[in-house]
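**Student:** If you scroll down you'll find the structure; I have some questions about it.
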Amino acid sequence: MIASESQLQRRQWLSHAMTAGAFLCVLLALVPLVSVLVYIGGEGLRAINLDFFLHLPKPVGEVGGGMANAIVGSLELLALACLFGLPVGILGGVYLSEFGSSKFATAVRFTADVLSGVPSIVVGVFVFTLMVRPMHSFSALAGGVALGILMIPVVMRTTEELMRLVPGSLREAALALGVPRWRTILLVVLANARGGILTGVMLAIARVAGETAPLLFTALGNRFWSFSLKEPISSLPVQIFTYSIAPYDDWHRQAWAGALVLILMVLSLNIAGRLALRRRMEKAR
Amino acid sequence: MNRPETLPGRETAAPAGGGRIEVRGLHAWFGTHQVLHGIDLDFSPRQVTAIIGPSGCGKSTLLRTMNRLHEETPGTRLTGSITLDGEDIHAPGTDAVRLRRDVGMVFQRPNPFPNMSVRDNVLAGFKLNHEKRKDEREILERTLRSAALWDELKDMLHKPGSSLSGGQQQRLCIARALAVEPKVLLMDEPCSALDPVSTNKIEELIFELKKSLTIVIVTHNMQQAARVSDFTAFLMVGKLVEVGATRKIFTSPEQRLTEDYVTGRFG
Amino acid sequence: MIAVSDKPIRAGGRRSRIPPGAFSGPPPPGPSQGKEPAAGGRSRFNADAIFRGITGSFAGFVLLLVAGMATVMTIASMPAIRKFGWHFLVSSTWDPVQDQYGALPFLFGTLLSSFLALLIAVPLSLGIATFLSELAPERPARILGFLVELLAAIPSVIYGLWGIFVMVPMLRNGPQAWLSAHLGFLPIFAGPAYGVGMMAAGLILAIMILPTISAISLEVFRAVPRAQREAALALGATRWETTRMAVLSYARPGILGAVILGLGRALGETMAVTMLIGNRPAISASLLAPGYTMASVIANEFSEATGDLYLSALIEVALVLFGLTVLLNVGARYLVWSTVKRGENRA
């Protein structure tokens, strides 16, 4: 009746084999990560120079030049995105955390989650139809709005989550002192969650900084400096895209350099944000 | 009290003997916090031993060292020894998986596998050890009868385990443990989540099961300990205060602490 | 999309640990208590109500946004919808010169490349989630998990760049050359090894959706009550048997949700696919052949689309993509939410 030793050994062996297999899955997943980082680092370092940060792109066929306008353009687009996306995201998040028990709030939460799953290119098409077509021009403003929309769900849900980490006793203490509810929320709750919300914003910026698809037909691209909101503007991701599919070696070189700059920006924001967020969550627990 | 009538097949299910656990000089730590201090205890076949004590006294930990489930809590460390029929269960070469075949366990809250049917729940452990499936039906009926569940559930063997009442779920978990044919059954406050009627049924069941098993039951309900156990061990802050025949512990304990506890002066 | 998209779900899970409205519930004078102004007097009631109204309208903006997307894109694609009707989805002619538009090749390319991605990413992700939640010690698991999630932070365009210059040459000279030479008689490996094409697109998509699926599966696994694992262990199950019996079976709906979310991400992924799939609007059985996806045809042709019908057809492609991803997301979020919640209620 009692099962044999060999059968037990076989079961243990299977268990060890599955463990090894699962570990192998982790290793396999890390192969592309390491490869991407090594290539971007290696090729990028070889390609990057001071010109890259200081000069405009050279006309087709000429060697040299840089992506100065694309770097500045990207920063400008991100600033616009924050201007548009942060108020909606943060105030919406405040609502969800403080008044979040209604059916309306549940609908908002669910829709925000769904919105974060909408492909970014679709957001680009939406903004094109809404802004570019009526205004008859690709523009920095449209690009900023597109990126802003993509930021909203991320900012909203992190804000909500971080405000909920503020202990209820703090709220009650303020309310008991006769402070009105709205001031309690702004002065006590929001102030306490401020650091956390800032990290949420960092993560949201990291998320949209590398977005290319929604900019293709909103901000478009520009070979020159542009500071008007109504004109097309260059951006790092779009420039990398254009250069990497073009048939010129020097453009490829610059695409690698651009990729290095972009990835340093995105990963440092992402890693710093995630570490800070994790620390905060652990402290609150 | 009306006990369930004789249980068919129980004789064949009874292990040929054995199931004697001896705990010697057992110390246990969670990280730097010591939870057990030099426990010496014997658990004899065909006897029910109750472990009582205030919460946090280490009684659950003691129970979990006996099937090595304490290893699931990271940072746990042991010294001393526990033997099952003379074999050191914590010896380096001993396989926890094989040990748990001989030492079954029932938990505080019923934990049937919710996505499995009643039948699959009962046979879950059995199937791990037996590749031939021909006597499944027989095992199913026998263990469900042993857990006094057969009459209630024989027509709903394909319902999910989570659809039963709390008391039925707990007896299902007992059946699931019995199907592996253990020598020892560890029960960690098995009735704490149940109503009085279900509790009563489980206690009757314990009475039947001890005919063929070593039963160790952790409880913080002293009446329950008095009702079901033959021996009682009283633990406090990780130390064994007193152990002896249940009647003696509850009527004329040797230690003052024990008396205070069983008479409800603290805890 | 760059996927921090799993973040909101995590938020959903954690949220339910706090009873809904824990902080908006009973506290003293508050608008939620409603009808009669509280002791603080009329003005305070108003200030609170205004505050609630303002933040609420910002929150509601999200609803407006999604509804607006559906409406605006539907209106803009009306010319194409009127002209082609259902034919749009089943015709494979995409001819801007003749003004004839059928999106079937793109639909096919999107579905096939996403399916390939799932085929590779799902087993890997489940392996990763199993290892990190059930098998690895806590600290290494945290570090490895962090690294796997880093894959989600790398921008799509960078995967594209890496794909063009590193992955594609490797594919072309290695496995594809071999497949073409030795298994070329099979329709799915027919034709020359270009490097770019369906296989490259599926592979890059697999890399990109892997962190999404594994992060959500991991969360779902961690929501499985400890009591379930202990039940299996106490029956004498090995580590793997415990995972299979207690964890995988319990988490099944959540895993399905994770897979669907991964699929949603794969369907809409644009840049890397555009750079690697070869961009030819043809339906081919061969994985070595180039193809085209909905997202990449929009990316390539949108800014150069002349003529209203052309543009309208492209917007309709976006609308279809929007509809598909919204549907998938609604279903998947529901599955994940319900699994995580069930775990919390029992824990």
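**Student:** Please state which of the following conditions A:Glu43 fails to meet, knowing it meets all the rest: (1) under 12 Å from A:Phe224 (Cα atoms); (2) in a helix (DSSP H, G or I).
**Tutor:** For A:Glu43, the exception is condition (1).
**Student:** Considering only the stretch C:12-111, give the helices (runs of 4 or more DSSP H) lying wholly within it that have at least 3 residues that are at pLDDT 95 or above, in contact with a strand residue (DSSP E or B) (Cβ under 8 Å, 6 or more places away or on another chain) and farther than 30 Å from C:Ser312 by Cα.
**Tutor:** Where helices (runs of 4 or more DSSP H) fall fully within the stretch C:12-111, none carries at least 3 residues being at pLDDT 95 or above, in contact with a strand residue (DSSP E or B) (Cβ under 8 Å, 6 or more places away or on another chain) and farther than 30 Å from C:Ser312 by Cα.
**Student:** Could you please give the count of residues in the stretch C:297-329 that are more than 22 Å from the chain's Cα centre (by Cα), assigned to a helix (DSSP H, G or I) and of a type outside the set (A, V, I, L, M)? Steps first, answer last, please.
**Tutor:** Let us first name the residues in the stretch C:297-329 that are more than 22 Å from the chain's Cα centre (by Cα), namely C:301-313.
Within this subset, residues satisfying the condition of being assigned to a helix (DSSP H, G or I) are C:301-304, C:308-313.
Narrowing further to those that are of a type outside the set (A, V, I, L, M): C:301-304, C:308, C:310, C:312.
Of the residues in the stretch C:297-329, 7 are more than 22 Å from the chain's Cα centre (by Cα), assigned to a helix (DSSP H, G or I) and of a type outside the set (A, V, I, L, M).
**Student:** Tell me which of these A:Gly100 doesn't satisfy, since it passes every other one: (1) at the interface with chain C (Cβ under 7 Å from one of its Cβ atoms); (2) without any contact (Cβ under 8 Å) to a residue 12 or more places away in the chain.
**Tutor:** Of everything listed in (1) at the interface with chain C (Cβ under 7 Å from one of its Cβ atoms); (2) without any contact (Cβ under 8 Å) to a residue 12 or more places away in the chain, A:Gly100 misses just condition (2).
**Student:** If I go through the stretch A:178-201 residue by residue, how many of them are within 11 Å of chain C (Cβ to nearest Cβ) and either of a type in the set (A, V, I, L, M) or touching a Ser or Thr at 6+ places or on another chain (Cβ under 7 Å) (or both)?
**Tutor:** Counting residues in the stretch A:178-201 that are within 11 Å of chain C (Cβ to nearest Cβ) and either of a type in the set (A, V, I, L, M) or touching a Ser or Thr at 6+ places or on another chain (Cβ under 7 Å) (or both) gives 6.
**Student:** Let me ask something additional. Need a quick list: helices (runs of 4 or more DSSP H) entirely within the stretch A:89-204 having at least 3 residues that are buried (at least 22 other Cβ atoms within 10 Å of the Cβ).
**Tutor:** Passing ranges, in order: A:103-115, A:120-127, A:140-164.
**Student:** Being within 11 Å of another protein chain (Cβ to nearest Cβ), among the hydroxyl-bearing types (Ser, Thr, Tyr) and crowded, with 24+ Cβ neighbours inside 10 Å is the filter here, so list the residues in the stretch A:228-243 that pass it.
**Tutor:** A:Ser235 - this is the single residue of the stretch A:228-243 that is within 11 Å of another protein chain (Cβ to nearest Cβ), among the hydroxyl-bearing types (Ser, Thr, Tyr) and crowded, with 24+ Cβ neighbours inside 10 Å.
**Student:** Among the residues of the stretch A:197-227, write down those that are farther than 21 Å from C:Leu150 by Cα, in contact with a Leu (Cβ under 9 Å, 6 or more places away or on another chain) and not hydrophobic (A, V, I, L, M, F, W, C).
**Tutor:** Residues satisfying the conditions are A:Pro214, A:Thr218, A:Gly221, A:Arg223.
**Student:** Let me ask you something else. Which members of the stretch B:225-257 meet the condition of being surrounded by fewer than 22 Cβ atoms within 10 Å (Cβ to Cβ) and polar (S, T, N, Q)?
**Tutor:** Of everything in the stretch B:225-257, those that are surrounded by fewer than 22 Cβ atoms within 10 Å (Cβ to Cβ) and polar (S, T, N, Q) turn out to be B:Thr246, B:Thr251, B:Ser252, B:Gln255.
**Student:** Tell me, which helices (runs of 4 or more DSSP H) wholly within the stretch C:167-241 include 1 or more residues that are more than 30 Å from B:Lys183 (Cβ to Cβ) and in contact with a Phe, Trp or Tyr (Cβ under 8 Å, 6 or more places away or on another chain)?
**Tutor:** In the stretch C:167-241, C:177-182, C:198-222 are the helices (runs of 4 or more DSSP H) which contain 1 or more residues that are more than 30 Å from B:Lys183 (Cβ to Cβ) and in contact with a Phe, Trp or Tyr (Cβ under 8 Å, 6 or more places away or on another chain).
**Student:** Among the residues of the stretch C:330-342, are any farther than 29 Å from C:Ala67 by Cα, more than 16 Å from the chain's Cα centre (by Cα) and surrounded by fewer than 21 Cβ atoms within 10 Å (Cβ to Cβ)?
**Tutor:** yes
**Student:** Also: Mind counting the residues in the stretch A:246-270 that are within 19 Å of A:Val34 (Cα to Cα) and surrounded by fewer than 19 Cβ atoms within 10 Å (Cβ to Cβ)?
**Tutor:** Looking only at that region, the number is 3.
**Student:** Can you find even one residue in the stretch C:227-242 that is free of Cβ contacts under 8 Å to residues at least 40 places away in the same chain, polar (S, T, N, Q) and surrounded by fewer than 21 Cβ atoms within 10 Å (Cβ to Cβ)?
**Tutor:** For the stretch C:227-242, residues free of Cβ contacts under 8 Å to residues at least 40 places away in the same chain, polar (S, T, N, Q) and surrounded by fewer than 21 Cβ atoms within 10 Å (Cβ to Cβ): absent.
**Student:** Using the structure shown, decide if B:Val216 is of a type outside the set (Ser, Thr, Tyr) and modelled with pLDDT of 95 or more.
**Tutor:** Spelling it out, B:Val216 is indeed of a type outside the set (Ser, Thr, Tyr) and modelled with pLDDT of 95 or more.
**Student:** For the stretch B:55-70, indicate whether the set of residues that are surrounded by fewer than 18 Cβ atoms within 10 Å (Cβ to Cβ), of a type outside the set (Gly, Ala, Ser) and out of contact with any Pro (no Cβ under 7 Å at 6 or more places or on another chain) is non-empty.
**Tutor:** No, because not a single residue in the stretch B:55-70 is surrounded by fewer than 18 Cβ atoms within 10 Å (Cβ to Cβ), of a type outside the set (Gly, Ala, Ser) and out of contact with any Pro (no Cβ under 7 Å at 6 or more places or on another chain).
**Student:** Let me ask something additional. Can we say C:Phe106 is hydrophobic (A, V, I, L, M, F, W, C), crowded, with 20+ Cβ neighbours inside 10 Å and over 23 Å from the mean Cα position of the chain (by Cα)?
**Tutor:** no
**Student:** Go through A:Val88, A:Val94, A:Val63 for me and flag whichever is of a type in the set (A, V, I, L, M, F, W, C), more than 12 Å from every other protein chain (Cβ to nearest Cβ) and touching a residue at least 40 places away in the same chain (Cβ under 8 Å).
**Tutor:** A:Val63
The values are calculated or read from the model by the stated rules, or taken from the named source; none is laboratory data. Keep in mind the model is a prediction, meaning the values are calculated, not measured. Here the Cβ is made from the backbone with ideal geometry for all residues, glycine too, and neighbour counts use every protein chain on show.
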